[in-house]
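The structure appears right after this line, and notes come after that.
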Amino acid sequence: MTMIGFIRHGMTEWNKEHRIQGLRDVPLCAEGRAAISGTRPPARLARAHWYVSPLMRAVETADLLGVLAIPEPLLTEMDWGEWEGRTLHELRAADPDAMKANEVRGLDFRPPGGESPRDVQARLIDWADALTEQGSGPFGAVTHKGVIRSVIASALGWDMLPPDPVKLQWSAAHILRFTPEQTFQVVELNVPLEDLGASR
């Protein structure tokens, strides 16, 4: 089985404003850079081969974590189509009936012109399957919230309807294994990043 650790990118101004980023290439904000600086992936991923979403916020995060990562388009955030740049509050105010109808679709929630979480799961399975040709890992991925939630939903058999089965920490690594049956399994979630300052 192939072990993969997933780490989300640091904070951006759009995160602070609760704006949907999707494929928009938004950089880290100063607060996001400060939070990642001085951290490293947890020890169990120290020998990992790293991949990164090509979006700027993920690439910056990988650089700050001190990992040499290969850009991988399949790790890009979920495509939110026409909703990118908007907030959920704005969307619910503009068309509450359409939003309510979409939000109960769980894995098949699909923004106009965008992807569903089920689509994201499919491309992450393709990526993980290709990794198996390189051995059992470990591998690491610096990626996005939507990607990580979709993969964990796949591992837990969660339909992505409320409530969430687990509270995810976003300044942490989430470690899963990918099986020969092309399924994800949880190894450990919410593994803290290593604080280089604390280890001195």
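The values are calculated or read from the model by the stated rules, or taken from the named source; none is laboratory data. Predicted model only: the values in this text are computed from it and were never measured. So basically every Cβ, Gly included, is an ideal-geometry build from the backbone, and we count neighbours across all protein chains shown.
Conditions (1) in contact with a strand residue (DSSP E or B) (Cβ under 7 Å, 6 or more places away or on another chain); (2) loosely packed, with under 13 Cβ neighbours inside 10 Å, marked per residue:
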{"site": "Ala153", "(1), (2)": "no, no"}
{"site": "Gly157", "(1), (2)": "no, yes"}
{"site": "Leu168", "(1), (2)": "yes, no"}
{"site": "Val187", "(1), (2)": "yes, no"}
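Can you name the residue in the range 110-133 that is part of a loop (DSSP other than H, G, I, E, B) and at pLDDT 95 or above and, of all such residues, is farthest from Val59 (Cα to Cα)? I'd like the intermediate steps shown before the answer.
Taking the range 110-133 as the starting set, the residues that turn out to be part of a loop (DSSP other than H, G, I, E, B) are 110-116.
Narrowing the set further to residues that are at pLDDT 95 or above leaves 113-116.
Details: Gly113: 25, Gly114: 23, Glu115: 22, Ser116: 24 Å.
Only one residue tops the list, namely Gly113.
Consider Arg47 against the criteria (1) under 28 Å from Ser136 (Cα atoms); (2) at pLDDT 95 or above: it satisfies all of them except one. Which criterion is unmet?
Arg47 satisfies all of (1) under 28 Å from Ser136 (Cα atoms); (2) at pLDDT 95 or above except (2).
All but one of (1) in contact with an Asp or Glu (Cβ under 6 Å, 6 or more places away or on another chain); (2) at pLDDT 95 or above hold for Gly106; which doesn't?
It is condition (2) that Gly106 fails.
Against the definition (within 24 Å of Leu55 (Cα to Cα) and either surrounded by fewer than 19 Cβ atoms within 10 Å (Cβ to Cβ) or of a type in the set (S, T, N, Q) (or both)), how does Arg177 come out, yes or no?
Answer is no for this residue.
Right, Val166: within 16 Å of the chain's Cα centre (by Cα), among the β-branched types (Val, Ile, Thr) and assigned to a loop (DSSP other than H, G, I, E, B) or not? Full working, then the answer.
Details: within 16 Å of the chain's Cα centre (by Cα): yes; among the β-branched types (Val, Ile, Thr): yes; assigned to a loop (DSSP other than H, G, I, E, B): yes.
Yes.
I need the full set of residues from the range 134-146 which are farther than 20 Å from Glu82 by Cβ and either assigned to a helix (DSSP H, G or I) or of a type in the set (Gly, Ala, Ser) (or both), in order please.
First, pick out the residues of the range 134-146 that are farther than 20 Å from Glu82 by Cβ: 134-143.
Gln134, Gly135, Ser136, Gly137, Gly140, Ala141, listed by residue number.
Please name all residue pairs, on different chains or six or more residues apart, with Cβ atoms under 8 Å, provided the first residue is in the range 39-50 and is basic (Lys, Arg) and the second residue is in a helix (DSSP H, G or I) and crowded, with 16+ Cβ neighbours inside 10 Å.
Taking only residues 6 or more apart or on different chains, the pairs are Arg40/Leu65.
Being modelled with pLDDT under 95, more than 21 Å from Arg24 (Cα to Cα), small (Gly, Ala, Ser) and touching a Ser or Thr at 6+ places or on another chain (Cβ under 7 Å) narrows it down to one of Ser136, Ser171, so name that one. Reasoning before the result, please.
Values: Ser171 fails: touching a Ser or Thr at 6+ places or on another chain (Cβ under 7 Å).
On inspection, the qualifying residue turns out to be Ser136.
Would you check if Ala58 is hydrophobic (A, V, I, L, M, F, W, C), part of a helix (DSSP H, G or I), at pLDDT 95 or above and buried (at least 19 other Cβ atoms within 10 Å of the Cβ)? Explain how you work it out, then say what you get.
Details: hydrophobic (A, V, I, L, M, F, W, C): yes; part of a helix (DSSP H, G or I): yes; at pLDDT 95 or above: yes; buried (at least 19 other Cβ atoms within 10 Å of the Cβ): yes.
Against the criterion (hydrophobic (A, V, I, L, M, F, W, C), part of a helix (DSSP H, G or I), at pLDDT 95 or above and buried (at least 19 other Cβ atoms within 10 Å of the Cβ)), Ala58 qualifies.
Taking the condition of being without any contact (Cβ under 8 Å) to a residue 60 or more places away in the chain, surrounded by 15 or more Cβ atoms within 10 Å (Cβ to Cβ) and over 11 Å from Glu115 (Cα atoms), how many residues in the range 70-85 meet it?
If we filter the range 70-85 for residues that are without any contact (Cβ under 8 Å) to a residue 60 or more places away in the chain, which is where we start, we get 70-71, 73-74, 79, 81-82.
Subsequent filtering for residues that are surrounded by 15 or more Cβ atoms within 10 Å (Cβ to Cβ) retains 74, 79, 81.
Filter once more, keeping what is over 11 Å from Glu115 (Cα atoms): 74.
Number of matching residues: 1.
When residues of the range 68-92 are filtered for being within 18 Å of Glu13 (Cα to Cα) and not in a helix (DSSP H, G or I), how many remain?
Looking only at the range 68-92, we keep the residues that are within 18 Å of Glu13 (Cα to Cα), and these are 77, 80, 83-90.
Filter again for not in a helix (DSSP H, G or I), leaving 77, 80, 84-87.
Matching residues across the range 68-92 total 6.
Which residues, counting only those in the range 15-35, are over 17 Å from Leu75 (Cα atoms) and without any contact (Cβ under 8 Å) to a residue 40 or more places away in the chain?
Answer for the range 15-35, where residues must be over 17 Å from Leu75 (Cα atoms) and without any contact (Cβ under 8 Å) to a residue 40 or more places away in the chain: Asn15, Lys16, Leu28, Cys29, Ala30, Glu31, Gly32, Arg33, Ala34.
Hey, does the range 95-105 have a residue that's surrounded by 20 or more Cβ atoms within 10 Å (Cβ to Cβ) and either part of a loop (DSSP other than H, G, I, E, B) or on the phi < 0 side of the Ramachandran plot (or both)?
Checked the range 95-105: no residue is surrounded by 20 or more Cβ atoms within 10 Å (Cβ to Cβ) and either part of a loop (DSSP other than H, G, I, E, B) or on the phi < 0 side of the Ramachandran plot (or both).
I'd like the full set of residues that are closer than 26 Å to Phe109 by Cβ and at pLDDT below 95, limited to the range 182-200. Give the steps one after another, and end with the answer.
Pass one, the range 182-200, residues closer than 26 Å to Phe109 by Cβ: 182-186, 189-190.
Passing the criteria: only Gln182.
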